[in-house]
Ligand code: HAM
């Protein structure tokens with residue numbers, strides 16, 4: 001019996017790992033421009049962190065966590081998202097006392113959610129996320145949204161839309177939640193079972209239900225914006241003004257509530273602006289003003305976003321955008337005869353140590369087949385070694401782009417390559 005990969009997971013095969021490496025290294029460079037520093041936190045954490053941090057009425061905590069007891073009897077959960085672990089680490093290592101403030105952090109890595117598998121939704125997926133902790137300033141909210149937008153643009157994905165909303169303070173939402181319950185309660189039996197379950201615990205989540213989006217009650221639902229204090233409204237107005245200044249197009253979406261409990265004030269999502277694609281959310285984030293305190297830290301505010309790398313790759317595919325990935329081989333050594341083949345082992349090793357990417361054949365293939373493989377590997381040069389030439393201390397070097405071929409001394413190979421491959 002063969003064993004397959006678990007449902008909802010993916011193997012990243014050698015044919016696509018160069019895309020991942022390209023994305024990761026591009027992100028590291030981009031984040032340096034914005035002065036963010038990488039943080040790496042454990043893949044598993046105490047379950048209580050997510051119950052408290054993400055919120056026990058959320059789908060993530062109620063249905064989607066990979067939770068198990070370890071051999072010491074502790075309840076452990078594979079991280080479903082990156083914010084809670086980052087804040088836990090920020091508190092535990094007192095990053096709030098560091099001289100550089102605010103803390104501008106980013107992370108990349110696998111997250112785990114037991115979700116129904118569909119295109120772009122996996123049980124193990126990779127998130128790239130950022131968190132700015134220790135400052136409440138609308139300039140930062142705009143910077144974080146601008147960074148999310150720039151991330152997609154860096155990869156050539158321009159066909160995106162920013163949806164933005166404000167969720168105000170938790171205290172401002174209390175009255176709104178009560179009014180929402182009263183509004184939906186008489187008709188709640190007309191809504192899906194998820195909405196029915198959400199009514200008493202988290203009625204705002206009904207607003208972003210995909211199943212009941214067209215229910216007539218959704219059109220006349222009260223707006224949270226009417227419940228916000230003048231301060232919260234003014235904060236949001238400033239965020240919007242900065243987005244205008246940065247020339248970032250956006251849509252204010254009063255129904256955008258996000259699926260995690262920690263958000264206050266600014267909330268946003270970036271979606272693919274392509275009506276043909278169903279699962280369009282590429283990135284989501286927002287401000288969380290009570291989270292650090294709720295997890296036992298000082299009164300510090302934060303804002304961030306998370307972006308699914310698999311979704312980014314799918315979006316690039318859907319939009320027919322290819323990444324500028326080229327990994328040509330500097331040299332492929334083609335041999336003719338036993339002595340030459342033997343000698344090539346040493347030359348190959350010397351070239352690699354000198355910093356060139358180099359390869360040879362290990363199957364005793366005929367010369368024509370070796371040349372074919374050199375082309376398949378995108379080799380820029382082939383070094384052709386024959387037994388006879390070898391005894392004279394020379395080899396043939398062929399430029400695989402213009403097919404020019406010349407004889408050179410073995411002792412001059414490295415110098416020749418150095419001249420030709422200028423970047424080395
Ligand atoms: P989230 O909206 O739950 O937010 O996830 C962020 C992004 O992760 C989504 O927009 C999506 O691209 C990707 N994602 C989520 N679930 C899956 C899945 N099952 N398969 C593939 N991709 C997925 C958060 O996680 C927050 N921690 C974001 C944040 C950071 N807010 C503030 N700081």
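What follows is calculated from the coordinates using simple rules that are stated; it is not laboratory data. Please read all numbers here as calculations on a predicted model, not as lab measurements. In this analysis, Cβ positions are derived from the backbone assuming ideal geometry, glycine residues included, and neighbour counts consider all displayed protein chains.
Modelled spin labels at residue 48 and residue 67, positioned 7 Å past Cα toward Cβ, are 1.3 nm from each other.
Please label the shape of segment 66-148 as rounded, prolate or oblate, based on the square roots a ≥ b ≥ c of the eigenvalues of the alpha-carbon gyration tensor (a/c under 1.5 means rounded; beyond that, a/b larger than b/c means prolate, else oblate). Before the final figure, lay out each step's value.
On the way: a/c = 3.51, a/b = 1.39, b/c = 2.53.
The shape class here is oblate.
On a C-alpha basis, how far is the centre of segment 227-242 from the centre of segment 343-386 in Å? Whole number, if you could? Spelled out, the Cα-based centre of one part sits 64 Å from the other.
The tail of the calculated P(r) for segment 1-130 beyond 27 Å holds 30 percent of all Cα-Cα pairs. Seen against the Cα atoms of the chain and their longest principal axis, helix 14-33 is set at about 60 degrees.
Is it possible to state the helix-based mean residue ellipticity at 222 nm for the chain, with each DSSP H run of 4+ residues giving -39500 (n - 2.57), the sum divided by total residues, to the nearest 500 deg cm²/dmol? What is it? Theoretical 222 nm ellipticity from helices: -10500 deg cm²/dmol.
The Cα atoms of the chain give a gyration tensor whose axes a ≥ b ≥ c have a/c of 1.5 or more with a/b greater than b/c, which makes the shape prolate.
If I take every Cα pair under 8 Å that is 6 or more residues apart in segment 1-122, average their sequence separation and divide by the length, what percent do I get for the relative contact order?
It rounds to 30 percent for segment 1-122.
Taking label points 7 Å from Cα along the Cα-to-Cβ direction, residue 28 and residue 419 give a separation of 3.5 nm. Between rounded, prolate and oblate, where does segment 328-424 land on the alpha carbon gyration tensor, with a ≥ b ≥ c its root eigenvalues, rounded for a/c under 1.5, else prolate if a/b exceeds b/c? Judged from the Cα gyration tensor, segment 328-424 comes out rounded (a/c under 1.5).
Take every Cα pair under 8 Å whose residues are at least 6 apart in sequence, average their separation, divide by the length of segment 271-376, and the relative contact order is 18 percent. Protection proxy ranking of 283-296, 99-112, by the mean of other Cβ atoms within 10 Å over each peptide's residues and highest first, is 283-296, 99-112. Taking Cα atoms only, the orientation of helix 309-318 departs from the longest principal axis of the chain by about 70 degrees. For the chain, the relative contact order comes to 15 percent (Cα pairs under 8 Å, sequence separation of at least 6).
Can you pull a Stokes-Einstein diffusion coefficient for segment 165-317 at 25 °C (0.890 mPa s), Rh from Kirkwood over Cα pairs, as a whole number of µm²/s?
144 µm²/s
Rg over Rh for segment 101-234 works out to 1.01, both radii taken from alpha-carbon positions and Rh defined as the Kirkwood radius. Segment 249-312 and segment 141-202 have Cα centres spaced 8 Å apart.
Taking a quarter of the surface of the convex hull around the Cα atoms of segment 105-165, what do you get in nm²? Walk me through the numbers before you get to the answer.
Working: hull surface 23.3 nm².
Result: a mean projected hull area of 5.8 nm².
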